[in-house]
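Input: a single structure, listed below in structure tokens.
The values are calculated or read from the model by the stated rules, or taken from the named source; none is laboratory data. Nothing here was measured: the structure is a model prediction, and the numbers come from that model. Backbone-built Cβ (ideal geometry, glycine too); neighbour counts: all protein chains shown. Surface accessibility is based on the protein's heavy atoms, side chains included, excluding ligands, DNA and RNA. Shrake-Rupley method; radii C 1.70, N 1.55, O 1.52, S 1.80 Å.
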Amino acid sequence: MSATVAATRFSPAEMARRYELVRGLMDEHGLEALVVFGSSGMNRHDNVNAFWLSQWLDRHHCYLVVPRAEDAEPALYVGYANHLPNALEVSDVPVIEWGGYEAGDAVARRLRELGVVRRRVGLVGVSHVWTMGMPWQHYVRLRELLPEVEPVDVTAAYAKLRVVKSEEEVERLRGAAALSDLAMLALQEAARPGVAEFELVAIAEDAYRRRGGDVRISFLRSMPMDAPTGCVPSQDPSARRLERGDVVITELSASLHGYSGQVHRPVFVGAEPTDEWLRMFETAREAYERVARGMTPGSTEGDVIRNAAVIGERGYRIYDDLVHGYGTDIHPPLVDRSCVDHWLNGTEPPPGRTFERGMAIVIQPNPITPDERMGLQLGALTVVEEDGAVCLHGIPFEPLLAG
């Protein structure tokens, strides 16, 4: 595995495809330009909307101004002045400048240069899922400087353009999945009595950092199998040291040039899983397999809930999302823990959103006990194909033994 598994930049043809989609969105909504905001967030998750067109993940915040007219140039405004040289090296946007301390001024100035001083301008924030837009102060300043411009929130519409992945994107996701697998294998190898949780994280991340990967998610929780203390991996590794008879529940995502894999496996330290843990694991595996087989083009979120009903039938619930779109950030289609209500009450879930060929979806059944003291995740990044969701990872769907 090497850093050359995917090119740093996408091809001109791929970027032309994206800009064509974006200009189609502007035509549909009658927009003269798009103002796309990005922010660092958790390991730069929140920069994806700007990154998708600029190929640059800012480490603080940035703005991308995209004109509707094809003969006018997009402009990228970098949040920190000392990050400008890196942006100039990485991004292929024609105009790249420091955005200054008043980002609203920089965006308004660019819109004036483009002749966009009235009519409709689309605003793309961080995420429509969590209703996270651009900063209020920047918005107010933009409205003060361009009072005749009509701002239109198109964050959700823009996000839909990114949901179905191109062949180039899937190839990069395969590389990210391979890096994530290296992290899981390194964690399994290192999970021995006496090793601290934070040491496991360092070992897992080192496995792909040395091969050109970036950190996206390194969550884990260790606990005795016979005295569990939690149902999902923790975001903050502790100083707790592993003991024989422990289980380590995990969620690992390595990134490759902005695209991420995601793999979940429980690791059992120095002992086979007990009957209780094995029953939970088998439930998760059965739910995963049923969901993956049924995730064909045209299937729905409601189908996912029905296909994973074995979790509820065996007396478990879930805490984390059952499935969610992924690859660059978390986005729909998404089934959260509210699906438990349908399992408990025997009600028919609504159809919800539809899956399409080429969507990148994490399937991650997370059976937990009702008291939330015990749980595991078993999952992987997949791509929706004609016959179901195809796993991009190579880690077997088996309990991982260590120590």
5 angstrom amide H check on Arg216, placed H, neighbours 5+ away: Ser253, Ser255
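For region 257-312, what does the alpha-carbon gyration tensor say about shape, rounded, prolate or oblate, given a ≥ b ≥ c as the root eigenvalues, a/c under 1.5 as rounded, and a/b over b/c as prolate? Before the final figure, lay out each step's value.
Values: a/c = 3.74, a/b = 1.37, b/c = 2.72.
Taking the square roots of the gyration eigenvalues as a ≥ b ≥ c, region 257-312 is oblate.
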Region 228-273 and region 316-336: distance between their alpha carbon centers, rounded to Å: 18
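Around Leu344, what is the net charge, scoring Lys/Arg as +1 and Asp/Glu as -1 over all other residues with Cβ under 12 Å from its Cβ? Mind showing how you got there, number by number?
Details: positive: Arg317, Arg337; negative: Glu313, Asp341.
Charge balance near Leu344 sits at 0.
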Theoretical gain in end-to-end length, Arg210 to Arg192 [0.36 nm per residue, Cα-Cα removed]: 4.2 nm
Table column - 3J(HN,Hα) (Hz), region 300-308, Karplus curve with 6.51, -1.76, 1.60, x for Gly and Pro: 10, 4, x, 4, 4, 4, 5, 5, 9
In degrees, nearest ten, helix 275-294 long axis to first principal axis of the chain (Cα): 40
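Can you compute the FRET efficiency between Tyr319 and Glu102 using 1/(1 + (r/R0)^6), with r the Cβ-Cβ distance and R0 = 51 Å? Round to the nearest 0.05.
Details: r = 42 Å, r/R0 = 0.83.
Once the sixth-power term is evaluated, E becomes 0.75.
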Principal-axis tilt of helix 167-190 within the chain, Cα atoms, nearest 10 degrees: 40
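Would you mind telling me the share, in percent, of accessible area of region 230-385 contributed by carbon and sulfur at probe 1.4 angstrom? The partial results should precede the final answer.
On the way: 2400 of 5370 Å².
Carbon and sulfur together cover 45 percent of it.
At 222 nm, what helix-only mean residue ellipticity would the chain give, in deg cm²/dmol to the nearest 500, using -39500 (n - 2.57) for each DSSP H run of four or more?
On the way: 12 runs with 135 residues, N = 403.
Using -39500 (n - 2.57) per qualifying helix, the result is -10000 deg cm²/dmol.
Any idea what the alpha-carbon Rg over 2.2 N^0.38 Å comes to for the chain?
Numbers: Rg = 22.4 Å, N = 403, 2.2 N^0.38 = 21.5 Å.
Taking N as the residue count of the chain, the ratio is 1.04.
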Sequence-distant residues sharing a close amide H with Ser260 (under 5 Å, placed H): Gly327, Thr328
Heavy atoms of Leu392: accessible area, 1.4 Å probe, square angstrom to 10: 20
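Does region 95-134 classify as rounded, prolate or oblate by the C-alpha gyration tensor (a ≥ b ≥ c root eigenvalues; a/c under 1.5 gives rounded; else a/b over b/c gives prolate, otherwise oblate)? Walk me through the intermediate numbers first.
Working: a/c = 2.61, a/b = 1.39, b/c = 1.88.
Cα axes put region 95-134 in the oblate bin.
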Rounded to 10°, Cα long-axis angle of helix 103-113 versus longest principal axis of the chain: 50
